[in-house]
Amino acid sequence: MRRLFVYFWIIILVGCCGKPGQIDRGAYLADSAVSSNSQDERIRFLVMHYTAADDQESLRLLTQGQVSAHYLVHSSPEINRGKPVARQLVAEEKRAWHAGESHWQGRNNINDTSVGIEIVNLGFREEAGGKTWYPFNEDQIELVALLARDIIHRYGISPANVVAHSDIAPLRKNDPGPCFPWRQLALRGIGAWPDRESVERYLAGRAHGEPAPVAKIQQALARYGYSIPENGLADDKTRRAISAFQMHFRPEDISGTPDAQTEAIAMALVEKYRS
């Protein structure tokens, strides 16, 4: 009797919904039974930001202002059932307005192909000696790591495409700044990091601060993904792109100076991720 009941409902459902794989969209049916091999994920990049505001103002700006992000990590994430909570403000399949005018690895308008994570952090304060940057706390970074690993796994995002806002918009942005623990995250499989042996090989015995050919650094950064002039000149655009690179991979000195250590790190990253 129970088997007859199940068969009855199968007949009803097939009659109402059509063949398996067909979706009723009101005026027509869409048949998804056959899928094309020629496709990949829309989301190719994961972009990290800081909000430059406190928790309350960050939430207001990202929900009521002219910017948005897929996720917001608060300064002290809520714990629910023993798990930290990330606020999802925009569905991943939707386009959030977090990157603005941007470029990475030959692509523009990174909003179209990315997920954005905003982390509550005041950024920096200006002092007589320059900028003083605010640190992130361990609870934030732990939640960012959990969230990022999940997104990277689901979309197959490559390490070199886990980037800072400053990487994709070096003329406009500083976030998430030199206090963001890129190396710590890379050790957990999140984002790129150069191999020490490769950096030493490219240094070839030079002092870290020794001047290096600007054209070689420009070429390496452009190949890695940055939008940077390739004119052999240490002009303002070049120095800003180098500074963004240093914030990510050499945060102890972000002066934008084209030195030997910067060149060696860039060459090691190209060898590891862009060969």
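The values are calculated or read from the model by the stated rules, or taken from the named source; none is laboratory data. Keep in mind it's a predicted model, so treat the numbers as computed, not measured. Heads up, the Cβs are rebuilt from the backbone with ideal geometry, glycines too, and the neighbour counts pull from every protein chain shown. Accessible surface is based on the protein model in full, side chains and every heavy atom, while ligands, DNA and RNA are left aside. Shrake-Rupley method; radii C 1.70, N 1.55, O 1.52, S 1.80 Å.
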Asn121 long-range amide H proximity, modeled H, under 5 Å: Thr51, Ala52, Ala53
Accessible area per residue, Å², the chain with all protein chains present, probe 1.4 Å: 56
Whole-percent carbon and sulfur share, accessible surface of the chain, 1.4 Å: 52
In order through region 153-169: 3J(HN,Hα) via Karplus (6.51 cos²θ - 1.76 cosθ + 1.60), integer Hz, x for Gly, Pro: 5, 5, 10, x, 6, 6, x, 6, 9, 9, 10, 8, 4, 5, 5, 8, 9
Rounded to whole Å, sorted largest first: equivalent-ellipsoid semi-axes of region 199-275, Cα gyration tensor: 16, 14, 12
Between region 210-257 and region 92-146, the Cα center-to-center distance that results, in Å: 20
FRET efficiency, 1/(1 + (r/R0)^6) with R0 35 Å, evaluated for Thr257 and Glu197 via beta carbons: 0.90
Most mobile listed residue (Asn121, Asn108, Asn174) in the chain, GNM with C-alpha springs under 10 Å: Asn108
Of Leu146, Leu46, Leu171, the one that fluctuates the most in a GNM where the chain has Cα springs shorter than 10 Å: Leu146
Computed log₁₀ I(q)/I(0) - Debye formula, equal Cα scatterers, no solvent, region 50-139, q 0.15 Å⁻¹: -0.67
Nearest-ten-degree value, helix 236-249 long axis tilted from longest Cα axis of the chain: 70
Filter on Lys94/Lys216; Lys131/Lys237; Lys94/Lys131; Lys83/Lys272; Lys237/Lys272 - keep pairs with C-alpha separation over 28 Å: Lys94/Lys216; Lys94/Lys131; Lys83/Lys272
Glu101/Asp139 FRET efficiency (R0 41 Å; Cβ-Cβ; nearest 0.05): 0.80
Residue-by-residue Karplus 3J(HN,Hα) for region 261-266, coefficients 6.51, -1.76, 1.60, Hz, glycine and proline x: 5, 4, 4, 5, 5, 4
Degrees, to the nearest 10: 214-224 long Cα axis against longest axis of the chain: 10
For the chain, calculated [θ]222 nm from helices alone, where every DSSP H run of n ≥ 4 adds -39500 (n - 2.57): -10500 deg cm²/dmol
Extension gain (nm, one decimal) between Ser275 and Ala30, 0.36 nm per residue minus Cα-Cα: 84.0 nm
Computed lengthening from Asp54 to Glu92, 0.36 nm per intervening residue step minus Cα-Cα distance: 11.3 nm
Nearest 10 degrees, 0 to 90: helix 2-17 Cα axis against the chain principal axis: 70
Asp112 - accessible surface, heavy atoms, 1.4 Å probe, Å² rounded to 10: 70
Of [x] 22.5; [y] 21.0; [z] 18.4, the label for Kirkwood radius over Cα pairs in Å derived from the coordinates: [y]
FRET E, pair Lys83, Asn231, Förster distance 35 Å, beta-carbon r, rounded to 0.05: 0.10
Hz values of 3J(HN,Hα) by residue in region 180-191 - Karplus curve (6.51, -1.76, 1.60), Gly and Pro given as x: 5, x, 4, 5, 4, 5, 4, 5, 9, x, 10, x
